[in-house]
Structures are given as C-alpha cells and as structure tokens.
Amino acid sequence: MGASALEKVAADIRACRLCAGEFDREPRPILQVGRHARIAIFGQAPGNRAYVEGRPFADPSGVRLRAWLGVDEAAFYNPKLFAIAPMAFCFPGYDRFGGDRPPPKRCAATWRSKLMAALPKLELALLIGSYAQKWHLASAAKRTMTETVAAWRDYGPLFMPTPHPSWRNNAWLKKNPWFESDMLPEIRARVAKLTRG
C-alpha cells in the first residue's frame, strides 16, 4: 500500500464518529502518521491535554517519553520520523477515580488492521501499556504488563513493550530499575539510528 492508502485510512480515522454520544465530549480522533515513518508509538488513547491541543502526548507524559527516546519535540512531532497511533484515537474521558477510561475496543476492531497495513516501513514500534501490548503481541504477551516488558528481548526487532510514561507509574519505575538501566539505552540507540536515516 502506498501513500494514498495511508492518507485514505488516516482521513477516515480523523472523520470517525463511531463513539459520538457515548462520552462527555465530541469525538476528536488524534493520530500522527507519515508514509516514511520507521518508528511508531502505539499507546492507549489520547489524554485530556492531547484532546484540547489536538496532538498526541501534549502533557508531562510526553516530556518523559521524549526523554526516554532521546529526541526533542521537533523530531517527535515529525511524521516522517514517528507514527503515533494509540489503540483508541479519541479521549475516552475519566473514570470515577479520576483516571482515564480504557480505550473502547471497537476503535481497534474498526481501524487497527487497516492502519497497520498502511504502515509497511515500520522498523520499531513501542507498545506503551497493556492495551497495545495485548493487541500487537496477542498470545505472546505475558500475564501482566510488567512480565511483558521484562521479556522485551523476545519481541524484537519490531516490538518493544514499555510502561506508560505517566507520573502514575513513578512507583513502577522505582520498583523496576532495570527498565531505565537496561532497556532505555537500547531504545535510545535504536531510535537514534532510525532517525538519522
């Protein structure tokens, strides 16, 4: 599939209104794709700040994610370098505890396979959180997110499972120092190589 196929599926996603009326806001699908992108960020769903600003990871978790990758905003938001496509493209709202609701399953069921078929040049895909890991790794995903991330060497060269860069995972990062000491250097090295050309 060429550029026209990607442009069509991206336009269809941006026009999607499948969940209209189900959440407290109008649908606003958010994704970043480009036909030359070799790195993908596959997360859960846009947060409130992303919804307001109309771009993915427009919050402190984005700052941490870019630090993990070793890139600045200009590189991160360059669709020639990075495709950013969460499992659900709209902010699903908050649950009663103040956390983000899970991504609606119908979004991935409707769009995921079409989008993946239109992104054939990917060489590295970061699977951020359990929703992305379970979809992309299927039966190869482990019982928990921690177990899946700990087994990251089993999923290469394409997939690298990671935790979410949210502040809510600070305790997880402290409890699992191997992520920053062993895994992040590998991620940064691969990102540097793929963004240099």
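The values are calculated or read from the model by the stated rules, or taken from the named source; none is laboratory data. These numbers were taken from a predicted model, which means no experiment stands behind them. Cβ: placed from backbone, ideal geometry, glycine included. Neighbour counts: every protein chain shown.
For first residues located in the stretch 92-118 and of a type in the set (Lys, Arg), partners that are surrounded by fewer than 17 Cβ atoms within 10 Å (Cβ to Cβ) and not in a loop (DSSP other than H, G, I, E, B) and lie 6+ apart or on another chain with Cβ distances below 7 Å form the pairs Arg101/Tyr94.
Note on the stretch 1-49: residues that are of a type outside the set (S, T, N, Q) and over 22 Å from Thr162 (Cβ atoms) amount to 30.
The residues of the stretch 45-67 that are surrounded by 18 or more Cβ atoms within 10 Å (Cβ to Cβ) and under 19 Å from Leu124 (Cβ atoms), listed by number, are Pro56, Phe57, Gly62, Arg64, Leu65.
Residues that are at pLDDT 95 or above, assigned to a helix (DSSP H, G or I) and surrounded by 12 or more Cβ atoms within 10 Å (Cβ to Cβ) within the stretch 165-177 comprise Trp172, Leu173, listed in sequence order.
Looking only at the stretch 142-164, which residues are under 19 Å from the mean Cα position of the chain (by Cα) and outside any helix (DSSP H, G or I)? Lys142, Thr144, Ala151, Gly156, Pro157, Leu158, Phe159, Met160, Pro161, Thr162, Pro163, His164, listed by residue number. When you check Leu65 against the structure, is it in contact (Cβ under 8 Å) with a residue 24 or more places away in the chain and part of a helix (DSSP H, G or I), yes or no? So Leu65 fits the description; yes.
Note on the stretch 1-60: residues that are touching a strand residue (DSSP E or B) at 6+ places or on another chain (Cβ under 8 Å), among the basic types (Lys, Arg) and not in a loop (DSSP other than H, G, I, E, B) amount to 0.
Checking Leu126, Leu158 one by one, the residue that is closer than 22 Å to Ala189 by Cα, in contact with a strand residue (DSSP E or B) (Cβ under 9 Å, 6 or more places away or on another chain) and surrounded by fewer than 19 Cβ atoms within 10 Å (Cβ to Cβ) is Leu158 and no other. For the stretch 78-121, the candidate set comprises residues that are hydroxyl-bearing (Ser, Thr, Tyr) and farther than 14 Å from Phe42 by Cα; within that set, the residue that is farthest from the chain's Cα centre (by Cα) is Tyr94.
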